[in-house]
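Scroll down for the structure; my scribbles are underneath it.
The values are calculated or read from the model by the stated rules, or taken from the named source; none is laboratory data. These figures come from a predicted structure and were not determined experimentally. Please note: Cβ atoms are built from the backbone with ideal geometry, for glycine as well, and neighbour counts cover all protein chains shown.
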Amino acid sequence: MIHLALPPMASRRLPFYLAMEEWAARTLPPGEYFFSWRVKPTVICGRNQEMDKEIDLEYCRREGIDIVRRRSGGGAVYADMENFMFSYITSGNEIQSVFSHYTVMISEMLRALGIGAEPTGRNDILINGQKVAGNAFYHLPGRCIVHGTMLYDFDPSTLQRVLTPSRAKLESKGVKSAPQRVTSLKAQGIGLSPEEFGRFAVEYLCQGNERTVGPDDIAEIEAIEKKYYEPDFLREHRQESGKEPDILRHSFVDGVGEFDTAVNLKPDNTIAGVGLWGDFFVIGDINADLLQPLEGVSYGRSELAKAIDALEPSAVIKGLTKPELLNILI
Amino acid sequence: MEIYYLPTHEYIKVDGNIGYIGVSEYAASQLGAVTYVDMPEEGDELEAGEEFGAIESRKAASDLYSPVSGEVLEVNEELADDPKLVNNAPLDAWIVKVKIADSAELEGLMNQEAYDKYLTTL
């Protein structure tokens, strides 16, 4: 594997490094390339996320947190100087095999440091069941880009604070972010400083193979970087899909909790989808056992009551009876 | 309907001067569960070989390239509500319907036989 070595420079805004991945994928000869980078506090949205629904934009602006979008999929990620970003560019079309190769390789690297890391089928890397690295994939013709986080240290409250906890998410038609249990290399007792870890990763993975990224290359990268700031790509507010759900209700069920309900209907008045949000206690599979069975049901009290009769709401939401579920929906 | 493919796995099904563009079964299986299809708008002009949208799955995001030039007559709104249709039946789940500007562009594409052969080389 070849290390793409930037000359010493101050940390750039995050899209510079995403552009560097694209530049490598589009212009360098087939092969395996790697580089590692760090950025000042930044939130990175997935390609198809509704930014204003997922991110507390005002909070980020107030705190000086940069807000950008990547071309790979998935949920929002927060990064700062305590977090390493790894970029891996390779030839090929086989998404799953490239992903597996990458997560196995990085897990082995951590194990070489005495940290018991394991790749998961969902393309993350876990230590004792907690996520230390999350990865995303961007596919270009004949080339694959895998990039991901590697938490050296973190403040667990930060990601939660930048992500929007409100019911706005319910209304989002984009890809949603999911909070997860995370850990860091520092919490796992890594014996290296961040700088030492960064150097170790490059040495372990690339074993001295290097391609210098020169001034001409950087000019090409900067040209690609510009695309990431175009309003059409960044889309902080996405008007066309900011459509309100057909039905939006707020209710309170004594002893159970508060509910925000969003229902989207098809033209024939049957349910296309239902979302539930609130402070109630979920004890079952809310999608499979409560919401999905309601899809296709005509949006009327008697039809809904009949459909609900076949369900066990109290097995999914603690204390919720069938009549109460009906009142939440209509 | 005749069907043609790009090496990047987009297909175009051709009915006279109307084309239906989607992604092949191979692409759908590679991507896994599709979570979002980023589509152009009606009236947009597509250019052969140029990016016109993107498809996101639980595994990856991939750009979409247009097999031909032409105007978007319709986008498949069903995919906005149910992107998994791409997995269920990729060849039925067309993404955009276009008015083909120049049928001669089809000659540069792979037919089914050539595409099947191409898949064996991957």
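Annotations for the structure displayed:
- Candidate set: segment A:198-228, residues that are among the hydroxyl-bearing types (Ser, Thr, Tyr) and within 28 Å of the chain's Cα centre (by Cα); chosen: the one nearest to A:PRO7 (Cα to Cα): A:TYR204
- Per the listing A:ILE218, A:ILE190, the residue uniquely more than 14 Å from chain B (Cβ to nearest Cβ), of a type in the set (Val, Ile, Thr) and assigned to a helix (DSSP H, G or I) is A:ILE218.
- Index of the failed condition, A:THR321 passing every other in (1) among the β-branched types (Val, Ile, Thr); (2) free of Cβ contacts under 8 Å to residues at least 12 places away in the same chain; (3) in contact with a Lys or Arg (Cβ under 8 Å, 6 or more places away or on another chain): (3)
- Listed conditions (1) touching a residue at least 24 places away in the same chain (Cβ under 8 Å); (2) within 13 Å of chain B (Cβ to nearest Cβ); (3) not in a strand (DSSP E or B) are all met by A:LEU205, apart from (2).
- Scanning segment A:81-112 for residues that are more than 22 Å from A:ILE145 (Cβ to Cβ) and surrounded by 17 or more Cβ atoms within 10 Å (Cβ to Cβ) gives a single hit, A:GLU82.
- A:GLY121 being part of a loop (DSSP other than H, G, I, E, B) and either among the aliphatic types (A, V, I, L, M) or over 22 Å from A:LYS40 (Cα atoms) (or both): yes
- Residue ID - nearest to the chain's Cα centre (by Cα), chosen from residues in segment A:304-320 that are exposed (fewer than 14 other Cβ atoms within 10 Å of the Cβ) and part of a loop (DSSP other than H, G, I, E, B): A:GLU312
- Counting only strands (runs of 3 or more DSSP E) that sit wholly inside segment B:1-120, those with at least 2 residues that are within 14 Å of chain A (Cβ to nearest Cβ) are B:34-38, B:51-57, B:61-65.
- A single entry from A:VAL43, A:VAL68 fulfils the requirement of being under 21 Å from A:PRO231 (Cβ atoms) and crowded, with 23+ Cβ neighbours inside 10 Å: A:VAL43.
- Condition check for B:LEU119 on (1) crowded, with 17+ Cβ neighbours inside 10 Å; (2) touching a residue at least 60 places away in the same chain (Cβ under 8 Å): one failure, at (1).
- A:ILE271 in contact with a helix residue (DSSP H, G or I) (Cβ under 9 Å, 6 or more places away or on another chain) and in contact (Cβ under 8 Å) with a residue 40 or more places away in the chain: no
- Residue match in segment A:41-54 (condition: among the basic types (Lys, Arg) and part of a helix (DSSP H, G or I)): yes
So that you can scan it fast, the table gives a plain yes or no per residue for (1) of a type outside the set (Gly, Ala, Ser); (2) under 22 Å from B:LEU79 (Cβ atoms):
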{"position": "A:ASP260", "(1), (2)": "yes, no"}
{"position": "A:PRO267", "(1), (2)": "yes, yes"}
{"position": "A:GLY275", "(1), (2)": "no, yes"}
{"position": "A:PHE281", "(1), (2)": "yes, no"}
{"position": "A:GLY284", "(1), (2)": "no, no"}
{"position": "A:LEU291", "(1), (2)": "yes, yes"}
{"position": "A:GLU324", "(1), (2)": "yes, no"}
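- Test result for A:ILE115, touching a residue at least 40 places away in the same chain (Cβ under 8 Å) and outside any helix (DSSP H, G or I): yes
- Against the conditions (1) modelled with pLDDT under 95; (2) under 23 Å from A:TYR152 (Cα atoms); (3) touching a His at 6+ places or on another chain (Cβ under 8 Å), A:PHE35 satisfies every one except (1).
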